[in-house]
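Q: Quick one: this structure, given as structure tokens, is what I'll be asking you about.
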Amino acid sequence: MDAGSGLSGESVPTVTGSVSPLAQGPEEVLRYRSPLVSRYASREMAFNFSDSKKFQTWRRLWLYLAQAQRSLGLPVSEEQIQEMEANLENIDFKMAAEEEKRLRHDVMAHVHTFAHCCPRAAPIIHLGATSCYVGDNTDLIVLRDGFDLLLPKLARVINRLADFAKQYADLPTLGFTHYQPAQLTTVGKRACLWLQDLCMDLRNLERARNELRFRGVKGTTGTQASFLQLFEGDHDKVEELDRLVTSMAGFKRAYIVTGQTYSRKVDVEVLSVLASLGATVHKICTDIRLLANLKELEEPFEKEQIGSSAMPYKRNPMRCERCCSLARHLMTLIMNPLQTASVQWFERTLDDSANRRVSLAEAFLTADIVEGGDNDLISRIRSDPYFAPIHGQLEQLLDPKSFIGRAPQQVVKFLKEEAIPLLTPYQNKMDVKIELDL
């Protein structure tokens with residue numbers, strides 16, 4: 001082994017004759033990157049949780065606050081508003097990082113950075129607000145927008161699976177209980193079992209999205225005291241300020257009471273429905289993996305795809321395997337907000353911050369990715385004299401459709417009464433094609 005030069009000046013062992021990866025290549029290969037972003041999630045969802053989206057939203061929230069304060073009579077000029085509007089996306093990230101290192105406070109670092117390019121507006125940026133005005137309200141915007149990205153995708157999955165169920169509504173297939181052969185069902189009926197769970201998930205995601213409220217303009221401990229002082233004791237103006245900013249941010253309602261933060265039970269509700277979706281995906285993909293082994297159902301196999309480095313002929317259910325793997329991760333993330341919500345002392349503690357930076361983003365990013373021998377019984381019956389009286393009726397008696405009961409009718413009724421009506425709000429988004437890097 002030779003010793004290469006490390007980033008810190010220390011020796012880095014390398015194989016003789018090779019070049020240390022630390023000495024070459026772009027910066028991104030030198031640091032860990034979450035595979036959720038680099039490998040799996042869509043660009044839209046990755047942007048939703050990006051620093052660019054986060055800090056642009058902070059600046060918009062400061063703008064909304066200034067606009068509302070001006071409309072209610074505080075000394076905020078139109079020139080200051082225009083200066084802020086002109087610099088919403090003009091973020092000097094290097095300066096912000098240097099300010100945060102100096103101040104040890106991310107929000108004030110960005111207040112200073114925004115003020116640097118808005119010198120006239122500097123005195124009124126963040127006026128009367130606390131850090132959670134931008135932090136928590138941005139989180140709620142990002143959660144809402146995350147749901148808005150997931151819902152049409154889930155609707156398209158339901159729509160396409162409904163088409164599959166309808167197409168194979170009366171195709172008989174062997175049912176399984178305890179993973180042992182049982183009474184026949186149909187391929188379409190089995191797909192409806194999957195559809196039923198997905199429809200529950202769609203309703204749950206819609207409910208969680210629609211029940212999200214804005215934190216609004218609440219001040220340091222949720223009492224709005226700083227704003228009451230700014231408006232010289234005018235309670236009506238403080239309430240109107242809260243309403244105006246909430247509306248500007250695209251929310252219909254704000255939480256009436258908060259501490260410094262919105263209740264972390266909200267995060268529990270959000271991740272709960274995503275974890276439930278993960279359970280559905282895992283169940284469906286596990287069923288497909290088992291059916292692939294039985295050669296009843298297969299994933300698409302691309303022209304140049306290699307099934308295995310040692311056995312290239314294999315048709316492994318790789319997409320379902322990866323979905324199961326990611327779904328397990330999604331299901332475990334619910335423990336983070338549960339524990340965080342349980343240990344928030346009084347009006348707030350800061351031990352939620354670092355955890356939430358990871359768990360909330362990963363939940364949406366992960367949800368964004370996710371979606372024997374021959375049988376010789378008949379020949380033995382034909383050769384057995386005991387069954388001679390029914391030999392002429394065997395084809396009729398062994399018709400698989402004789403054993404599927406009302407499965408085809410159940411498929412038609414389920415699609416008509418439950419699955420299809422649920423998709424009505426998403427009809428204009430059904431033709432979108434999504435490329436997943438699985």
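The values are calculated or read from the model by the stated rules, or taken from the named source; none is laboratory data. Just so you know, these numbers come straight off a predicted model, no measurement behind them. Backbone-built Cβ (ideal geometry, glycine too); neighbour counts: all protein chains shown. Quick note on the areas: whole protein, heavy atoms, side chains included, nothing else; ligands and nucleic acids left out. Shrake-Rupley method; radii C 1.70, N 1.55, O 1.52, S 1.80 Å.
Q: Name every residue in the range 376-407 that is modelled with pLDDT under 85 and of a type in the set (Ser, Thr, Tyr), in order of residue number.
A: Ser379, Ser402
Q: Across the range 202-237, what is the number of residues that are in contact with a strand residue (DSSP E or B) (Cβ under 7 Å, 6 or more places away or on another chain) and not basic (Lys, Arg)?
A: 2
Q: Scan the range 51-82 for residues that are among the acidic types (Asp, Glu) and within 27 Å of Val142 (Cα to Cα) and jot them down.
A: Result: Asp51, single match.
Q: Among the residues in the range 82-92, are any of a type in the set (A, V, I, L, M, F, W, C), at pLDDT 85 or above and not in a loop (DSSP other than H, G, I, E, B)? I'd like the intermediate steps shown before the answer.
A: The initial filter retains those residues of the range 82-92 that are of a type in the set (A, V, I, L, M, F, W, C), namely 84, 86, 88, 91.
So of that shortlist, the ones also at pLDDT 85 or above come out as 84, 86, 88, 91.
When the remaining residues are screened for being not in a loop (DSSP other than H, G, I, E, B), the result is 84, 86.
So far as the range 82-92 goes, yes, one or more of its residues are of a type in the set (A, V, I, L, M, F, W, C), at pLDDT 85 or above and not in a loop (DSSP other than H, G, I, E, B).
Q: A further question follows. With respect to Ala129, is the statement that it is assigned to a helix (DSSP H, G or I), at pLDDT 95 or above and open to solvent by less than 50 Å² (accessible area, probe 1.4 Å) true?
A: Taking the combined requirement at face value, the residue does not satisfy it.
Q: Another one. Considering only residues of the range 277-304 that are among the small types (Gly, Ala, Ser) and surrounded by fewer than 18 Cβ atoms within 10 Å (Cβ to Cβ), which is farthest from Ala363 (Cα to Cα)?
A: Checked the range 277-304; the qualifying residue farthest from Ala363 (Cα to Cα) is Ala292.
Q: Within the range 351-408, track down each residue that is within 30 Å of Leu193 (Cα to Cα), open to solvent by 80 Å² or more (accessible area, probe 1.4 Å) and of a type in the set (S, T, N, Q).
A: Passing the criteria: Asn375, Gln396.
Q: All but one of (1) outside any helix (DSSP H, G or I); (2) buried (at least 17 other Cβ atoms within 10 Å of the Cβ); (3) modelled with pLDDT of 95 or more hold for Leu184, so report the exception by its number.
A: (3)
Q: List the pairs whose first member sits in the range 165-184 and is among the β-branched types (Val, Ile, Thr), whose second member is open to solvent by less than 80 Å² (accessible area, probe 1.4 Å) and in a strand (DSSP E or B), and whose Cβ atoms are under 8 Å apart, counting only residues at least 6 apart or on separate chains?
A: Thr173/Leu184; Thr173/Thr185; Thr173/Thr186
Q: Now for a separate question. Going by the structure shown, is Val238 touching a helix residue (DSSP H, G or I) at 6+ places or on another chain (Cβ under 7 Å), buried (at least 21 other Cβ atoms within 10 Å of the Cβ) and not in a helix (DSSP H, G or I)?
A: no
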